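Written out below as structure tokens is the structure these notes cover.
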Amino acid sequence: MNRHVMTLPQRWADELGMDSAADVTTELRERFEHLSRFVLTDEMPRVGEVSAEAATAYGDFCILVGFLADAHNVLTRKETRR
């Protein structure tokens, strides 16, 4: 398998389907703000109920967890690979 080393912004631009790594910070900030607003201000759905807003917030959460894991690896000198 042929792998190449990518920068963190390049990796996440690719992951998010973005053309430019320059917009990754803004995209992740917006996802964090959406997730924060949902968790802190909206009513959580009952067990077994899923709203579109909750599904979007969960997706944002998953993306942010992945980004933070990659950022941790970069900070601890591990390479981010695709």
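The values are calculated or read from the model by the stated rules, or taken from the named source; none is laboratory data. What you are looking at is a predicted structure, and each value in this text was computed from that prediction instead of being measured. With ideal geometry, Cβ positions are generated from the backbone for all residues, glycine too; neighbour counts draw on all protein chains shown. Just the protein is used for accessible areas: all its heavy atoms, side chains included, with ligands, DNA and RNA removed. Shrake-Rupley method; radii C 1.70, N 1.55, O 1.52, S 1.80 Å.
A 1.4 Å probe run over region 1-60, with the rest of the protein chains in place, finds 76 Å² accessible per residue.
Rounded to the nearest 20, the Cβ-based charge dipole of region 25-72 about its Cα centre (Lys and Arg +1, Asp and Glu -1) stands at 80 debye. Rounded to the nearest 20, the Cβ-based charge dipole of the chain about its Cα centre (Lys and Arg +1, Asp and Glu -1) stands at 560 debye.
Full extension of the chain between Glu15 and Ala52 yields a length gain of 11.1 nm, computed as 0.36 nm times the residue separation minus the alpha carbon distance.
Taking all Cα pairs closer than 8 Å and separated by 6 or more residues, the relative contact order of region 8-80 comes to 32 percent.
Positive end of the dipole of the chain (Cβ unit charges, origin at the Cα centre): among His34, Ala52, Leu8, the Cα lying farthest that way belongs to Leu8.
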